[in-house]
Structures are given as structure tokens and as C-alpha cells.
């Protein structure tokens, strides 16, 4: 009997976590290919054979492609079966969070609460339900494995360097899944500074060496910045991001861009505590002045975070580290350098792991815990589970996905154009034209919507209207569509003797 109890205490939490993971995401097994699945998996020859993988015709993330190769070998292109591995990695990450919580001296119940928050939070659905985002779960698994091996290095009496080797291997695996894993050494360094006594430190034992490396990094960054004409590229990227994701067509200044980025942080942060109306695409107005309510609220948020860090750095050093770790893993997707999206649910996949541990850490220190926190925690987790189940259904098909995106962000030119594509695929020509026209109306700089309107007009033999939109497509001259533009020019010259 004692052996049974001991076995349950050892393996019970992990079995429970994995069981809940597969229950919470069971309805994704009926989902089809969506979003980036088509270029990343369906049309990607790299994931169909070892020869294709070694050819690397679609350069990307090797670890992710290896897991795809396994799925393709076992199941072909049947998306239902690919979701098994998708859920497995998410469940494994929740198990690793539980282990990390216990390593940080959290009570078992507090570590389990953290694992469940990570497992069931609706913001995680984008990574788990969409197979093309497996890179995020793989990178987090490698990052957590690296951090755990690194922490064990300080506690192990034997084979310490074996643990450090394990940390390095896991780090490299995480990097091969997604570049955000570059934050792992910084997270480990911060842990040493906050938690490990000076004589026992490893990375932070030689501050002068670290200062030299930091200075070298600054010089290297300066050289890179000047060699790529950094200001020009930054300005172009800022304009591109705000034009396509905020429908902003005025000249972009640093103030406007970074105030809007601040708004994006607050926007996605609000969904941490109010995870409703989630979608793959968010479009919202820019912030042009400091006294804008969004800017002021963002400043309040940043001030609150800084105050919490100062308050916890001496009192709760582990709690402070968990907050800083969450920030570190968010930084690569924080749009400090413009990205494709201002805000996306998947940007918080890794940060939620450490925020969930921070919640467990705080709850454990509350008076009379865990008795008084049991019922509220159960209610919140049940709500999360219900919302996750509902959000899984949004990712059922491209149609359900982009319908939700248009409902949440009706000013999203990208989502409207995609709904037009879906209508066109099923032969609803009038509906497709209406979506494309709405897309161009909210954002005249959308090249694909202009091209699609030209295509529809040409099919109706309305060459004048077709050329109007084709010329708009050509004037935009977006780098992504250069080959498509060249093919269009050849087609028009050959078929109608018209040049663009």
C-alpha cells in the first residue's frame, strides 16, 4: 500500500496533467489544416522525406521539421493525427513547469496550480490548436529543460558538469525550434544574481568578464546597425507594420510607433486576465499622443511592473526572477524591432509559463493557503477550460478562423482578404468581391486585395476595372509579391498587349 501511495505521489501529478491536456484539447482532433499550416506543412516538401529534409528547400526550424517528418511518416497528411503530438508537447511543458515549481520550493499544490494555469489558459490555444505553431511549444520544452538542468548543476554533488552539458544540449535544441530561446542564458544569469550566493555562481561569478561581453555586444550591435543602414530599415519596418496592422497611412515617427507598441502590450496583457474574443488577427488604431488613455494606461502598467520588481527583489527573489523571466521571453516578440503582428496570442505562450509559476508562488504565501484559494482557483481553471474548448472550435477550419478574426477585428484588411479567398474557393464570387472591396476600403495599401479584385474583374471580362486594380497592385510593389507581379506583367502583355 505504501508503495502504491509513493508511486502516485511520484507519477500522479504528471499523469493528471497529461490526462487534462488531452481532455481539454480533445476537440482539436477534428480540426483541419488552417492558417500557416499550408505553406509550413501541406506545401512543404521538407517534411515528407529525409531527402526533402536534408535538401531544406523551405529554410526554417529543424527541430520542428523533424517532428513533422515523424507525423508525416506515420499519418501522411491527415491533420487529425498530427494533433496528438501537438497536445503531447503542450502537456509535457506543463509537466516541466510542475517540476520547475517544485525545484523552486513551491508546494506541490502551488506547482500544480501553475501547471494547470499554463495548460488551460485560452491564450495557449493558438499554439496548441494550430500545428504550424509547434515551434513555440518545442522551444519552450527545450528552454525549460535547459533551465532545469542548469538549476540542478548547483545542487548536484556528483556529475555536475553532466547537468551543465544537458543544459547546453537542451538550449541548442530549443534554438533549433525558435530563436526566442536565445533568452535562456539571460534568464539563467538573472537567476544567479538574484538567488545564488556569489561564491557558488557560475555565469555571474566574473562581473568584469560579463561587463566586457556586454560591451562587446553593444559594439557588435552598433556595427550591425550601421552596416545595414539601421535607421532606414527601422523606419521602413515601422511604417510597414502600422500600415498593414493598424491601417495607419501617415508618416510614422518613433513616438507614434512606440506608443502604439505600448498599447499592444496592454492590449495583449488584458487578455491574460480577460481571455475573451481571441483571434489570430488583431487590428486597432495607433496612439499618436502621450495623453491618449491607452498610452497613460500603458505607462501605469509599466510603472506597476517596475514597482513590483523592486518590491520583490529583496523579499521574494524567486518571485522577482519569475517575473523577469516572463519579461525576457516576451522581449523577442515585443515589437521593439517591428514584427509582422503588433499583438498575437502566441507571443505569450512562453511568458505564461513563468507568470503561472509566479501566481503559484504568490498563492503559496497567502495566509491560510491552500484552503481559501482552492475554490476560487477551481472556478478560474474551470472557466479557462471552457473557454479553451470553445476557442479550439475557432481553429476548426480556415472559414471558422477568419470569421472569428473579422468579428473581433472588422477593420482587419488581412482577415477580410482571407475571407474573400475562402468565399472564392467555394464559388461564392459576389461574397468574395464584397470582402475584397471591404479589404481595400479599410486599407488601400493591401496588395493582395487589389490583385484579387483585378483577378475577379478579369474573369468577368471587365478589363478596365481589372487593370485599375492590377496597376494599384503594381504601384505598391511589395517585395513579397515581386515574382507574382512579374508573372502578372507577362500574362497581361501576352493576353492583351497591355503593360503595367
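Answer yes if at least one residue in the stretch 470-483 is surrounded by 15 or more Cβ atoms within 10 Å (Cβ to Cβ) and assigned to a loop (DSSP other than H, G, I, E, B), and no otherwise.
Yes - at least one qualifying residue is present in the stretch 470-483.
Within the bounds of the stretch 395-405, is there any residue that is crowded, with 20+ Cβ neighbours inside 10 Å and either in the same structural domain as residue 281 (by TED's automatic domain parsing) or not in a helix (DSSP H, G or I) (or both)?
Looking for residues that are crowded, with 20+ Cβ neighbours inside 10 Å and either in the same structural domain as residue 281 (by TED's automatic domain parsing) or not in a helix (DSSP H, G or I) (or both), one finds at least one in the stretch 395-405, hence yes.
Listed here are the residues, each with its yes/no results for (1) at pLDDT below 95; (2) touching a strand residue (DSSP E or B) at 6+ places or on another chain (Cβ under 6 Å); (3) surrounded by fewer than 13 Cβ atoms within 10 Å (Cβ to Cβ); (4) in a helix (DSSP H, G or I).
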{"position": "7", "(1), (2), (3), (4)": "yes, no, yes, yes"}
{"position": "11", "(1), (2), (3), (4)": "yes, no, yes, yes"}
{"position": "19", "(1), (2), (3), (4)": "no, no, yes, yes"}
{"position": "22", "(1), (2), (3), (4)": "no, no, no, yes"}
{"position": "28", "(1), (2), (3), (4)": "no, no, no, yes"}
{"position": "35", "(1), (2), (3), (4)": "yes, no, no, no"}
{"position": "38", "(1), (2), (3), (4)": "yes, no, no, yes"}
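Looking at 77, 54, 92, can you tell me which residue is over 23 Å from the mean Cα position of the chain (by Cα) and under 26 Å from residue 279 (Cα atoms)?
Only one candidate qualifies: 77.
If residue 304 meets every condition in (1) over 26 Å from residue 107 (Cβ atoms); (2) touching a residue at least 12 places away in the same chain (Cβ under 8 Å) apart from one, which number is that one?
(2)
Restricting to the stretch 176-212, give me the number of residues that are farther than 20 Å from residue 156 by Cα, surrounded by 11 or more Cβ atoms within 10 Å (Cβ to Cβ) and not assigned by TED's automatic domain parsing to the domain that holds residue 100.
Selection size over the stretch 176-212: 5.
Here are 338, 370, 351: which of them is crowded, with 19+ Cβ neighbours inside 10 Å and at pLDDT below 95?
338
Which helices (runs of 4 or more DSSP H) sit wholly inside the stretch 130-200 and have at least 3 residues that are within 19 Å of the chain's Cα centre (by Cα) and either on the phi < 0 side of the Ramachandran plot or modelled with pLDDT under 95 (or both)?
Passing ranges, in order: 134-155, 160-175.
Could you identify the single residue in 74, 112 that is surrounded by fewer than 20 Cβ atoms within 10 Å (Cβ to Cβ), touching a helix residue (DSSP H, G or I) at 6+ places or on another chain (Cβ under 8 Å) and in the same structural domain as residue 14 (by TED's automatic domain parsing)?
Just a single option satisfies the conditions, and that option is 74.
Which of the residues spanning the stretch 66-112 are closer than 19 Å to residue 132 by Cβ and in a loop (DSSP other than H, G, I, E, B)?
76, 77, 78
Just for the stretch 324-335: of the residues that are free of Cβ contacts under 8 Å to residues at least 60 places away in the same chain and crowded, with 20+ Cβ neighbours inside 10 Å, which one is nearest to residue 192 (Cα to Cα)?
326
The values are calculated or read from the model by the stated rules, or taken from the named source; none is laboratory data. Worth saying up front: this structure is predicted, and the values here are computed from it rather than measured. FYI the Cβ positions are ideal-geometry reconstructions off the backbone, even for glycines, and counts take in every protein chain you see.
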